[in-house]
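Structure record follows, encoded as structure tokens.
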Amino acid sequence: MAAKIRILLYSHDTYGLGHLRRSLSIAGQIAQDISHSHQLLLTGSMVAGAFQLPPRLDMIKLPALSKRSSGAYKARTLPLTLRQTISWREQMILQAAQAFRPDLLLVDKSAAGVHGELLPTLRHLKTWSPQTKIVLGMRDIEDSPAKTQAEWAAGGIYPLLEEVYDRILLYGEPDIFDPATAYWLPETAVSKLTPCGYLGRPHSRTDPARVHRELGLSNGQPLVVLTVGGGGDGYSIIQQYLDMLRTHAVPYHSLVVTGPLMAQSKRKLLQQAASLPNLTLREFTPDLMSYLAAADLVVSMAGYNTVCEILSLGKRALLIPRSRVRAEQQMRATLLAERGLVHTLDSHEATPARLHHTITHALAAPAPTATLPLNGLKRVSAEIGRLLTQPAMPSNEQSILVNRLDHTMQPLSNHLYPLSFRTESSE
């Protein structure tokens, strides 16, 4: 019998559903491809329990964080300061690694964790479990080159990529956006970078005709699905869309998914429009893929996971990218539009009149014929499988590495924590 493989996944989940959904998709592929694997997911998502878990995966829920509109973090619901919440999460992460003793740690996006909460665990694994492979999963685009370079330099990310991580898996393609060039990755980090393509999704579980019947569509009536991910910053888009339905006669049925993380007060305001004809308003569905598959057009923001789902289904799409905090969604939408894969509309231009015009045009346009590499899940799983079969580092090299890490990570700890916790009032 093959030895049981232990894989620990870290998904900080401070905003939206993207990190959790990406991690669960990867874990599902690993469970399918590496039958003797056992996985443990660390997540801060408030809705982690709403999704079906892959076989042989358990989950630890970390105290939730959220982002202010400025991009600063805070405790989401608990009456704790940011310092207290991060300290608690840091301890939980370290204890999980010590008890689970993973063969591989897969970190989603945030190399040091939120406010450096992952650093003690990285130090522990490199010191006391040097055979554990440490892998960073990097989505296609982080942010604008200038902002990312500044953040990574200030946060000490470059030394982690050079000294701590064994592999960097790119969930994208350099031909579309090359992070090595854009973010000035050091040569050592570039040598660890493995492009895996976009994380395409399996097709839906529910037949589109059944979805149409469920929503009460008349025969041949088009379906437009509007989704704003977790919903934390999607209120304005949905409000403008509902205003469009009030002021324009449209031939299609609309399914609007507000997202489970939208503030209750805002959700109540939107629910007042639920009596509009040809409209279905829902807070959340764990099977969004089935509704996207049944759509004639998907209107969404430009988050990584939703875009991968749209591309996997070959659907017409209108992307309204988030314009605040990070440029990631705007950059992604622009690159895809240049390839004829999507239609786009800036969020500040998404008035009822512009929405009506753009949606009408997008529905009349042919479905996209261009394609992107969408076999990323299989490639990520295969790369993890290869890493797990690599021999452990010789003991003399381990000693050299640990000594080098002391010089690398101690300055990071000293630097990150004062930077993160300036004053209690700022938290």
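Every read-out reported here was derived from the displayed coordinates using simple, explicitly stated rules and does not represent laboratory data. Given the structure is predicted, the values throughout are model-derived calculations rather than measurements. Here the Cβ is made from the backbone with ideal geometry for all residues, glycine too, and neighbour counts use every protein chain on show.
For residue 338 and residue 218, the FRET efficiency from 1/(1 + (r/R0)^6), where r spans their Cβ atoms and R0 equals 25 Å, is about 0.10. Computed from the Cβ-Cβ distance with R0 of 25 Å, the FRET efficiency linking residue 210 to residue 274 stands at 0.65.
Working note: Cα gyration tensor of the chain, eigenvalues times five, square-rooted, sorted largest first, giving semi-axes of 38, 23, 20 Å. Ranking of 10, 235 by neighbouring Cβ atoms within 10 Å, starting from the fewest: 235, 10. Taking 0.36 nm per residue of separation and subtracting the Cα-Cα distance, full extension of the segment from residue 346 to residue 371 would add 6.6 nm. Over the Cα atoms of region 59-154, the radius of gyration divided by the Kirkwood radius equals 0.99; this is the Rg/Rh ratio.
Each residue of region 346-362 was assigned a 3J(HN,Hα) from its phi angle through the Karplus curve 6.51 cos²θ - 1.76 cosθ + 1.60 (θ = phi - 60°); the sequence is 5, 4, 6, 9, 7, 7, x, 5, 5, 4, 4, 5, 5, 5, 4, 5, 5 Hz, with glycine and proline shown as x.
Please work out the Cα center distance from region 110-176 to region 322-358, rounded to the nearest Å. Using only Cα atoms, the two centres lie 29 Å from each other.
Measuring r between the beta carbons of residue 243 and residue 128 and using R0 = 56 Å, the FRET efficiency lands at 0.45. The listed peptides 207-215, 163-171, 280-288, ordered by packing as a protection proxy, come out as 163-171, 280-288, 207-215 (highest mean of other Cβ atoms within 10 Å first). Working note: Cα gyration tensor of region 266-347, eigenvalues times five, square-rooted, sorted largest first, giving semi-axes of 24, 17, 12 Å. How much net charge surrounds residue 378 when only the other residues with a Cβ under 13 Å from the Cβ of residue 378 are counted, with Lys and Arg +1 and Asp and Glu -1? Summing Lys and Arg as +1 and Asp and Glu as -1 gives +1. Fully extending the segment from residue 323 to residue 52, taken as 0.36 nm per residue of separation minus the present Cα-Cα distance, adds 94.4 nm. Taking amide H atoms as placed 1.01 Å from N in the peptide plane, the amide H of residue 194 lies under 5 Å from those of 168, 169, 170, each 5 or more residues away in sequence or on another chain.
Rounded to the nearest 10 degrees, what's the angle between the helix 235-247 long axis and the longest principal axis of the chain, both from Cα atoms, 0 to 90? With rounding to tens, the tilt is 10 degrees. Note on region 208-364: along the principal axes its Cα atoms extend 37, 34, 31 Å, ordered by decreasing extent. The angle separating the long axis of helix 376-389 from the principal Cα axis of greatest extent in the chain is about 10 degrees.
Which angle between 0 and 90 degrees, to the nearest 10, do you get for helix 82-100 versus the longest principal axis of the chain when only C-alpha atoms count? Once rounded, one gets 70 degrees.
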